[in-house]
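*Asks:* Sending over a structure as structure tokens; questions will come in a sec.
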Amino acid sequence: MIDQETRTVSNHWQSPLGFVAAAAGSAVGLGNIWKFPYMTGQNGGGTFVLFYLLSIVMLGFPIMVAEVMVGKISQSSPVRAYSRLSNHSRLWQALGFVGVMTGFIILSYYSVVGGWTLHYLFLSVARELPQDSQPQAYADLFGSLYQSVRLNIWWHSVFMGITILIVLRGVRSGIEWVGKWGMLALLVLLVGLAIYSSTLPGFSTALEFVFGHSENFTWTSALEALGHAFFSLSLGMGAMLTYGSYLQRRDKVLTTSLAIAIADTFIAIGACLVLFPITFSVGLEPAAGPGLVFINIPLALLQLPFGYIGSILFFLLLSLAALTSAISLLEVPTAFLIDSLGWSRRLAATVCGGIIYLLGFPSAVSGGEGFWGEGLKQTLGMNWFDSADYLTTNWLLPLGGIGISLFVGWRITAEQRKTELGSIPWLYSILVLLLRWFVPIAIVFVMLHALKVL
Ligand code: PFF
């Protein structure tokens, strides 16, 4: 049995609710509000959403349970967790290490988008958003930000700076506090916006688009939906494992994991129900891509009586959502260095944050004309930013998901599994079956199809 006292009191969550809020803060982020709606738009709607929901239920939830559980029983960050529970097997340690590296890559480009949200927050406060009812003005504004090397680097620096400062403060007063308040505010605003969107003329078209049947769904879309389920729930790289390691023995793995998965899914679907009615009402294209949220939301909000305050609130919350996820991305390598090399939190967070910051530069200049942008796009078909996103979301996170499901399904002892998950016997049997067989086989199956091997 692993010694629970390896973490001090301040290294545990204050309450299970604090854990759920922080973990939901990690899960709910740009993935839900920025990425999921535009991916749904690009992949034709209904079938993509259905496949995404299926992935959440059949793969995401079991893996969430597995990660939180491994964290809780090992009381360690990924590499040490795998090592402790596998009698120091090098193979399993390597899996934890790949997760840490994945976190580095994701945060490096995630921070660039986090920077965009800060830029829009700044424009909202300074009343510099176009006071125009033409979508083109907003599309041009986003286009000029996307291409600007100077703005991207500046806001990426600010975003990474804030993320590092919060992680420096530690589990309770940094991560848990920001998670709790940020999530609450986000929920209130999203419900408010959804009520507004439901009064728009495009609402029924939007419902049909999000929940109806769609035409152009391919195996590549399936891989994207599956990969995005991992991205959105923060799975496959040890973020939930790390947060789970701050749980105490009395905390429940099953109920907390369920709450996190439900909150995340609810907000992703909610974001679609806010964005698409606006999109259809003003006659915009649902497949507008990464600019969707930055074009539609200010355009719609500024037509409303309290649009000035509304757009400030929206971008404040989008920045907060991005920040609570970024914190979890930085916490994984930070916890790794604290646990494995005995570094202080201050040193670990600063060094990891610094490296990720530098790694973000190629992403920050990806929208420009240079080598990292247009140059790579011409040779690879994707710029650096898109390649980093594609590699991590579609491949590294699902592969990490296979790893953790095999680990919990086959490697740890039945006693360890039963202590944490055995309270409901039928659910326990289903979870073990899913983790042992269904999850790994389904992921490999979709990957092979997407590669056109099958
Ligand atoms: N789940 C976050 C989002 O949806 O924006 C992104 C993310 C955070 C991915 C943490 C992976 C992770 F470990």
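The values are calculated or read from the model by the stated rules, or taken from the named source; none is laboratory data. Everything numeric here is computed off the predicted structure, so don't read it as measured data. Glycine also receives a Cβ, built like all others from the backbone with ideal geometry; neighbour counts cover every protein chain displayed. Accessible surface areas use protein heavy atoms only, side chains included; no ligands, DNA or RNA. Shrake-Rupley method; radii C 1.70, N 1.55, O 1.52, S 1.80 Å.
*Asks:* Given q = 0.19, 0.21 Å⁻¹, what are the Debye log10 I(q)/I(0) values for region 32-182, with equal point scatterers placed on the Cα positions and solvent ignored?
*Replies:* Once normalised to I(0) and log-transformed, intensities are -1.33, -1.35.
*Asks:* Expressed as a whole percent, how much of the Cα-Cα distance distribution for region 86-165 exceeds 17 Å? Write out the running numbers ahead of the final one.
*Replies:* Values: 1871 of 3160 pairs.
Cα-Cα pairs of region 86-165 separated by over 17 Å account for 59 percent.
*Asks:* Suppose the Debye formula is applied to equal point scatterers at every Cα of region 96-226; what is log10 I(q)/I(0) at q = 0.10, 0.14, 0.17, 0.18 Å⁻¹?
*Replies:* Debye intensities relative to I(0), on a log10 scale: -0.56, -1.10, -1.36, -1.37.
*Asks:* Hey, what does the equivalent ellipsoid look like for region 310-454, semi-axes from the Cα gyration tensor as sqrt of 5 times each eigenvalue, largest first, whole Å? Each step should come with its number before you reach the end.
*Replies:* Details: eigenvalues 237, 122, 59 Å².
Equivalent-ellipsoid dimensions as semi-axes: 34, 25, 17 Å.
*Asks:* Please give me the summed charge of the neighbours of residue 26: other residues whose Cβ is under 10 Å from its Cβ, Lys and Arg +1, Asp and Glu -1.
*Replies:* On the way: positive: none; negative: 264, 331.
Around residue 26, the charge tally is -2.
*Asks:* Ratio of the chain's C-alpha Rg to 2.2 N^0.38 Å, to two decimals? Could you put the intermediate results ahead of the total?
*Replies:* Numbers: Rg = 21.1 Å, N = 454, 2.2 N^0.38 = 22.5 Å.
That ratio works out to 0.94.
*Asks:* Right, something else. May I ask you to give the percent of accessible area on the chain that is carbon plus sulfur, with a probe radius of 1.4 Å? List each step's numbers first, then the result.
*Replies:* Details: 12240 of 17850 Å².
That share works out to 69 percent.
*Asks:* I would also like to ask the following. Mind putting together the pair-distance distribution for region 155-203? All Cα pairs, 5 Å bins, whole percent per bin, short to long.
*Replies:* 4, 17, 16, 14, 16, 11, 10, 8, 4, 0
*Asks:* Okay, next question. What is the extension gain from residue 127 to residue 90, computed as 0.36 nm multiplied by their sequence separation minus the C-alpha to C-alpha distance, in nm to one decimal?
*Replies:* Details: separation 37, 0.36 × 37 = 13.32 nm, distance 5.54 nm.
Extra length from residue 127 to residue 90 when fully extended: 7.8 nm.
*Asks:* Could you give the length gained by full extension between residue 371 and residue 137, i.e. 0.36 nm per residue of separation minus their alpha carbon distance, to one decimal place? Walk me through the numbers before you get to the answer.
*Replies:* Working: separation 234, 0.36 × 234 = 84.24 nm, distance 2.82 nm.
Here the segment from residue 371 to residue 137 would lengthen by 81.4 nm.
*Asks:* Moving to a separate point now. Can you work out D for region 272-354 in µm² s⁻¹ from Stokes-Einstein, where Rh is the Kirkwood radius over C-alpha pairs, the temperature is 10 °C and the viscosity is 1.306 mPa s?
*Replies:* On the way: Rh = 15.5 Å.
Translational D for this selection: 103 µm²/s.
*Asks:* Here's something else I'd like to know. Compute the length gained on full extension between residue 252 and residue 211: take 0.36 nm times their separation in residues and subtract their Cα-Cα distance, giving the result in nm to one decimal.
*Replies:* Numbers: separation 41, 0.36 × 41 = 14.76 nm, distance 3.33 nm.
Length gained between residue 252 and residue 211: 11.4 nm.
*Asks:* For the chain, with every protein chain kept in place, what is the accessible area per residue (1.4 Å probe, Å²)? Show your work: numbers first, answer last.
*Replies:* Values: 17850 Å² over 454 residues.
Averaged over the residues of the chain, the accessible area is 39 Å².
*Asks:* Using only the C-alpha atoms of region 47-136, find the volume of their convex hull and express it per residue in Å³.
*Replies:* Values: hull volume 15.6 nm³, N = 90.
For region 47-136, the hull spanned by Cα atoms encloses 174 Å³ per residue.
*Asks:* Looking at the chain, do any whole DSSP H helices span at least 24 angstrom along their long axis by alpha carbon and average 0.5 or above on Kyte-Doolittle, and which? It would help to have the intermediate numbers written out before the result.
*Replies:* On the way: long enough: 90-125 (51 Å, 1.17); 149-169 (31 Å, 1.30); 177-198 (32 Å, 1.62); 253-281 (43 Å, 1.93); 307-341 (50 Å, 1.71).
Passing helices, by number: 90-125, 149-169, 177-198, 253-281, 307-341.
*Asks:* Under a Cβ-Cβ cut-off of 15 Å, what is the net charge of the residues other than residue 237 that fall near it, where Lys and Arg count +1 and Asp and Glu count -1? Mind dumping the intermediate values first?
*Replies:* Details: positive: none; negative: 67, 331, 389.
For residues surrounding residue 237, the net value is -3.
*Asks:* Here is a further query. Given a cut-off of 12 Å, what percent of all Cα-Cα pairs of region 48-94 lie beyond it? Write down the numbers at each step before the final one.
*Replies:* On the way: 696 of 1081 pairs.
Cα-Cα pairs in region 48-94 separated by more than 12 Å: 64 percent.
*Asks:* Taking a probe of 1.4 angstrom, what is the accessible area of residue 116 in Å², to the nearest 10?
*Replies:* 10
*Asks:* How big is Rg to Rh over region 207-271, alpha-carbon atoms, Rh as the Kirkwood inverse-mean-distance radius? Don't jump to the answer; show the numbers that get you there.
*Replies:* Values: Rg = 15.5 Å, Rh = 14.2 Å.
Ratio of gyration radius to Kirkwood radius for region 207-271: 1.09.
*Asks:* Take region 154-306, drop everything but the C-alpha atoms, weight them equally and run the Debye formula without solvent; then report log10 I(q)/I(0) at 0.08, 0.10, 0.11 Å⁻¹ to two decimals.
*Replies:* Log10 I(q)/I(0), no solvent term: -0.32, -0.51, -0.61.
*Asks:* At what distance in nm do the modelled label points of residue 58 and residue 184 sit from each other, each positioned 7 Å from its Cα along Cα→Cβ?
*Replies:* The two pseudo-label positions are separated by 3.9 nm.
*Asks:* Loop-only chymotrypsin sites (Phe, Trp or Tyr not before Pro) in region 271-310, please: DSSP not H, G, I, E or B, and at most 12 other Cβ atoms within 10 Å. Walk me through the intermediate numbers first.
*Replies:* Numbers: sites: 280, 294, 306, 308; in loops: 306.
For chymotrypsin sites (Phe, Trp or Tyr not before Pro) across region 271-310 that sit outside H, G, I, E and B with at most 12 neighbouring Cβ atoms in 10 Å, the list reads 306.
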